[in-house]
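The values are calculated or read from the model by the stated rules, or taken from the named source; none is laboratory data. No experiment lies behind these values; they were computed from the predicted model shown. Cβ coordinates were reconstructed from backbone atoms using ideal geometry, including for glycine residues, and neighbour counts include every protein chain displayed.
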Number of protein chains: 2
Amino acid sequence: MNPSTPVTAASDAVVETLTASRALLGVIARSLATVMDTVTLPQFRVLVVLSDLGPLRMGELSEKLGANQSSFSRFADRMVTAGLIARQPAATNRREVIISLTELGRKIHHAVTEARRAEIAALLGTLSPAERAAVKAGFEIFASAAGEPPAADLMIVGL
Amino acid sequence: MNPSTPVTAASDAVVETLTASRALLGVIARSLATVMDTVTLPQFRVLVVLSDLGPLRMGELSEKLGANQSSFSRFADRMVTAGLIARQPAATNRREVIISLTELGRKIHHAVTEARRAEIAALLGTLSPAERAAVKAGFEIFASAAGEPPAADLMIVGL
DNA sequence: TGCAATATATGCCATACTGCAATTATGAAT
DNA sequence: ATTCATAATTGCAGTATGGCATATATTGCA
């Protein structure tokens, strides 16, 4: 088969995509490394969800995380003890409990996000403007074709 | 600030990169979803290492995984019981134990890799040849700037 | 008021993973 | 041959996560 056929060009693109995905996974992993002595991966996932969606009821939160409600209650215990989240009774309903990020929880989430952003910025900074434009274009096309991953999918790997 | 200044162009590229990284994380997560009832994430990481490097001694393997040697011995117990890996005494040295993938272990690793490849191929298949070329170019530039992530980094997230 | 539904928490228990210290088996060296 | 070093395992103990069934508190409805 001729290396310049569309089929080969397509599988080349697959290979490049897989390679790039490993590189990005490295960035993600390193961004997490600094906080892994303070939070576990599942716990960090909670920080992400709360950061994205704001304070949530216990039930809603456990559902978003795909966790058993009773398991999550104890899971929350540990995170409260660690000072990452706070339980507060709902204003309107005394049997509901609202979970929100504490300052520490917010700070940890921010640190990870920022580390990720900074590493990518540094990396792109080493490129020429033309290269950077090519990266932006390629990623833009890919991301719009792939769409945002459902939250449930990301939960699988705890990120 | 004018939206067409280099600075803005650069941060646009950062945003696109972060968005694409989430999309790729979704692909990775989904590829793992099917096997998560058979292996845990740390266990899958072992399959990856053995698949990349071939059979290894207990000590080498535990070191590559950043795990305590005694912890890993029991970790291996579970994986042997699950039929994912096999212990064999080394040919040259009766005190060394070599760990290798079983058929099942190999099959699971392959299933994940293949699922990942297939989803990306399908995704890229929806693009025009020009778009696909742009993706390939962008990812190629990014990947070569980022380099392969150290194995230790990937271990952090268990992938 | 009494009863059903809802939201959370607890009792109980099981598994995965982890580390430190001590043990066993083997190999290497003097 | 005895001693030292190396490779792996095991005893012991602890944390994190998970689920099922049950209990408690509160709300809403009849």
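Cβ-Cβ distances below 7 Å connect the following pairs, each with a first residue in segment B:63-80 that is more than 6 Å from DNA strand C (Cβ to nearest atom), a second residue that is among the β-branched types (Val, Ile, Thr), and a separation of six or more residues or different chains: B:Lys64/B:Val49; B:Leu65/B:Val46; B:Leu65/B:Val49; B:Ala76/B:Ile85; B:Ala76/B:Ile99; B:Met79/B:Val46; B:Met79/B:Ile85. When restricted to residues that are away from DNA strand C (no atom under 14 Å from the Cβ) and under 29 Å from A:Ala146 (Cβ atoms), segment B:84-142 contains 36. Of the residues making up segment B:90-122, those that are within 14 Å of chain A (Cβ to nearest Cβ) and either in contact (Cβ under 8 Å) with a residue 12 or more places away in the chain or touching a Cys at 6+ places or on another chain (Cβ under 6 Å) (or both) are B:Val112, B:Thr113, B:Ala115, B:Arg116, B:Glu119, B:Ile120. When you scan segment A:41-159 for helices (runs of 4 or more DSSP H) that lie fully inside it, which ones turn up with 1 or more residues that are in contact with a helix residue (DSSP H, G or I) (Cβ under 6 Å, 6 or more places away or on another chain), more than 16 Å from DNA strand D (Cβ to nearest atom) and not hydroxyl-bearing (Ser, Thr, Tyr)? Those helices (runs of 4 or more DSSP H) span A:103-125, A:129-146. Does A:Thr113 count as of a type in the set (Ser, Thr, Tyr) and farther than 15 Å from A:Leu47 by Cβ? So A:Thr113 fails the test.
Residue by residue through segment B:11-21, note down the ones that are at pLDDT 90 or above and facing chain A (nearest Cβ under 7 Å). Within segment B:11-21, B:Ala13, B:Val14, B:Glu16, B:Thr17, B:Leu18, B:Thr19, B:Ala20, B:Ser21 meet the criteria.
Among the residues of segment A:80-93, some residue qualifies, meaning at least one is surrounded by fewer than 17 Cβ atoms within 10 Å (Cβ to Cβ) and within 15 Å of A:Pro42 (Cα to Cα).
Using the structure shown, decide if A:Thr40 is of a type in the set (Ser, Thr, Tyr), surrounded by 12 or more Cβ atoms within 10 Å (Cβ to Cβ) and under 28 Å from B:Leu154 (Cβ atoms). The answer is yes for A:Thr40. For segment A:40-60, taking the residues that are among the charged types (D, E, K, R) and within 14 Å of chain B (Cβ to nearest Cβ), the one that is farthest from DNA strand C (Cβ to nearest atom) is identified as A:Asp52. Scanning segment B:17-38 for residues that are free of Cβ contacts under 8 Å to residues at least 60 places away in the same chain and part of a loop (DSSP other than H, G, I, E, B) yields B:Met36, B:Asp37.
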